[in-house]
Amino acid sequence: MEYKPFALTHITYPASDPLSPFLALLSLTPPFAVCALCSSFIIYKDVLAAYLLMGLISCAAFCSILKDIVEEPRPFRDDGYGDNDTMDYGMPSNHSAFGFFGATFVALYVLRGGNMWSWKLPSSRRRLQSYANPRDARDAILIPSLAKEDWDALVKQYNKLHTSTTVFCTTLLAIGCAYSRIHLGYHTINQVVVGSFLGCLLGYAWHRLFEIKCTRDWLEWLDLLLNELDARRAILVKREKDD
C-alpha cells in the first residue's frame, strides 16, 4: 500500500484511503492543543490554560518514561519513509493519553461549574472565583443585565448547553485522536487502550489537585501578577509615546 506524508508533518497515511487525511488531522490534536493553550496564555494571560498545559506536558513526559521502561514496539509500517527506524516504543500511546487527559480534566471542570468559554473571555481570577462558587454565574459569563427571572432561565439554559457541548466535543476529539493512531498503524489497540486509561487517570488526578483551594489561590496570585506586569508595561509604553 502506498503511503504519503501529511503536509508540514511527519505523519503518513494511506493515499488510497479517503478517511485517512481527516484522521491524520485528528492525530495532530496534541500539537494543535499546545499551540491553542500557549496562545490563550500569551494573549489573554489565561492561567487556567497554563495549568492545563502543564498537566498535559507532564502526562506526555510520564508516558515517554513508561515507553522506555516497557519497551513494547509499535506495529510494523512499511510506508517507505523509514518510520520504523526512527520512532520510539509504542506502549502506552502518548497521543491517546494526551487526548483523554485533556478531555477528562475539561469534563470534570465544567461539570463542577467551571466555564471554558463565554461571549467575552473573563479574567482567569474571576473564572477561578466563579468555579469555587458556581451559582454566581455573573462571574462566569458576561452577558448584559436582565430581569432576575429571565437571567436565571438564561443562565440555566446556557449552563446545560455549555456543559453538554464541552463534554461531548472534548470526548469526541479524544476518541478520534486515539482511533487515528490505530487506523494509521502507529499503535496497536492495546497501546491505545492503555494510553487512554492512563490519560483519564492522570487527568482526574490533575483535576483533584486543581480542586485544592491552595492551588486555585496560587493561580489567582499568578493571574494578579501577570495583570500587574501587563499594566506596568502599558504605562511605560504610554510614557514613551508621550515623550
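The values are calculated or read from the model by the stated rules, or taken from the named source; none is laboratory data. Please read all numbers here as calculations on a predicted model, not as lab measurements. Neighbour counts are summed over all protein chains in view; Cβ atoms, including those assigned to glycine, are modelled from backbone coordinates with ideal geometry.
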Verdict on Ser164 being over 30 Å from Leu28 (Cα atoms), at pLDDT below 90, loosely packed, with under 13 Cβ neighbours inside 10 Å and among the hydroxyl-bearing types (Ser, Thr, Tyr): no
For the stretch 158-201, how many residues meet the condition of being of a type in the set (A, V, I, L, M) and in contact with a strand residue (DSSP E or B) (Cβ under 9 Å, 6 or more places away or on another chain)? 1
Which one of the conditions (1) crowded, with 19+ Cβ neighbours inside 10 Å; (2) farther than 30 Å from Tyr13 by Cβ; (3) modelled with pLDDT under 65 does Tyr51 fail to meet, given that it meets all the rest? (3)
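Is the stretch 121-141 home to any residue that is in contact with a strand residue (DSSP E or B) (Cβ under 8 Å, 6 or more places away or on another chain), at pLDDT below 60 and loosely packed, with under 14 Cβ neighbours inside 10 Å? Before the answer, list the steps.
Step one: list which residues in the stretch 121-141 are in contact with a strand residue (DSSP E or B) (Cβ under 8 Å, 6 or more places away or on another chain), which gives none.
Scanning the stretch 121-141, I find no residue that is in contact with a strand residue (DSSP E or B) (Cβ under 8 Å, 6 or more places away or on another chain), at pLDDT below 60 and loosely packed, with under 14 Cβ neighbours inside 10 Å, so the answer is no.
Please verify whether Glu211 is farther than 30 Å from Pro21 by Cα and modelled with pLDDT under 85, treating the condition exactly as stated. Give the derivation first.
On the way: farther than 30 Å from Pro21 by Cα: yes; modelled with pLDDT under 85: no.
No.
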Flagged in the stretch 202-243 as among the small types (Gly, Ala, Ser) and either surrounded by 12 or more Cβ atoms within 10 Å (Cβ to Cβ) or on the phi > 0 side of the Ramachandran plot (or both), in numbering order, are Gly203, Ala205
Among (1) modelled with pLDDT of 65 or more; (2) in contact with a Leu (Cβ under 9 Å, 6 or more places away or on another chain); (3) farther than 24 Å from Ile57 by Cα; (4) outside any helix (DSSP H, G or I) - the single one Gly113 does not satisfy: (2)
Would you pick out the residues in the stretch 67-102 that are in contact with a Gly (Cβ under 6 Å, 6 or more places away or on another chain) and at pLDDT 90 or above? Pro92, Ser93, Ser96, Ala97, Phe100, Phe101
If you take the residues of the stretch 179-201 that are among the hydroxyl-bearing types (Ser, Thr, Tyr) and crowded, with 24+ Cβ neighbours inside 10 Å, which of them is modelled with the lowest pLDDT? Ser180
Regarding Ser64, is this residue at pLDDT 90 or above, over 19 Å from Tyr179 (Cα atoms) and of a type in the set (S, T, N, Q)? yes
